[in-house]
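Asker: I'd like to ask you about the structure that follows.
The values are calculated or read from the model by the stated rules, or taken from the named source; none is laboratory data. As the structure is a computational prediction, the values presented were derived from the model and not from experiment. Note that each Cβ is placed from the backbone with ideal geometry, even for glycine, and that neighbours are counted across all protein chains shown. Areas reflect the complete protein model, heavy atoms only, side chains present, ligands, DNA and RNA absent. Shrake-Rupley method; radii C 1.70, N 1.55, O 1.52, S 1.80 Å.
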Amino acid sequence: MRLTFGRFVFDSRLRAVFAGDAKIELSPKAFSLLEALIEAKPAPVPREVLFDRLWPDTYVDPANLHNLVAEIRRALGDTDHQIVRTVYGVGYGFDAHDASQARSSSRFVLWVRNDVFPLALGETIIGRDPECAVVIDSTDVSRQHARLFVSEDHVTVEDLGSKNGTFVSGDQLTAPRVLRGAEDLAIGRTPVLLRKRGSLKSTATAGNRPVKAGGRSS
């Protein structure tokens, strides 16, 4: 099987991934994981199926799978998780469409202190889990805390059953809410400001650490 996605070429016969003439370094297990995801595309592959394929009849720490996914993403520069997609509650998928072209940018951004994070059209998950699109490394933030769905003219925000809540202008969300302009949000105790591109930044004063897009929790 040979597949071209973006600037990369996956070749199962050669057991290699190339970027132009350069070979991308992947461990054998990481290559097998990528192969399994490509074979199943566009459907996600459940974690249990991946464990059976990669470590048959062997119990391994669940973190091993996450580490392989992280290895693939690092090797492919997939910081936005557009090539290897996390399907929460299921497993992982290979998104051929997003792999060949990045999601379009929207009119909206998130501000946290001095950091600004442009939002792409579509879904953005905010939480403590290092696989979230926007990671907040704080103990009051749930692993998958809130979901933003961004369209051309509005953002829908939804709490994902978090322990400490998601707030819009001080009101705790009990159902998804449509936002069309500048709003002051809070993810747990962390202030997050939704703004349109080019608008002036307001000041967030809470003492939590800033959001890191695609970062890791410690």
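Asker: Please give the solvent-accessible surface of VAL168 in Å², to the nearest 10, using a probe radius of 1.4 Å with every protein chain present.
Answerer: 0 Å²
Asker: Something else about it: With the crude spin-label approximation of a point 7 Å out along Cα→Cβ, what separation in nm comes out for GLU123 versus ARG7?
Answerer: Label at GLU123, label at ARG7, 2.9 nm between them.
Asker: Report the GluC sites (Glu not before Pro) located in the range 117-194 that are in a DSSP loop and have at most 12 other Cβ atoms inside 10 Å of their Cβ, or state none.
Answerer: Sites meeting the loop and neighbour criteria: GLU152.
Asker: GluC sites (Glu not before Pro), restricted to the range 1-67: which are DSSP loop and have at most 13 other Cβ atoms within 10 Å?
Answerer: Sites meeting the loop and neighbour criteria: GLU25.
Asker: For a quick check of understanding: with a 1.4 angstrom probe and all protein chains in place, what accessible area in square angstrom does ASP129 have, to the nearest ten?
Answerer: 20 Å²
Asker: Once R0 is set to 41 Å, what does the formula 1/(1 + (r/R0)^6) return for the Cβ-Cβ distance between THR58 and ARG180, expressed as a FRET efficiency to the nearest 0.05?
Answerer: Efficiency, from the Cβ-Cβ distance: 0.20.
Asker: Kirkwood-based Rg over Rh for the range 1-126 (C-alpha set), two decimals? All intermediate terms of the calculation are to be shown ahead of the outcome.
Answerer: Values: Rg = 15.6 Å, Rh = 15.7 Å.
Here the Rg-to-Rh quotient is 1.00.
Asker: Same structure, new question: So, with +1 on the Cβ of K and R and -1 on the Cβ of D and E, and no other charges, what is the size of the charge dipole of the range 14-159 about its Cα centre, to the nearest 20 debye?
Answerer: For the range 14-159, the charge dipole is close to 220 debye.
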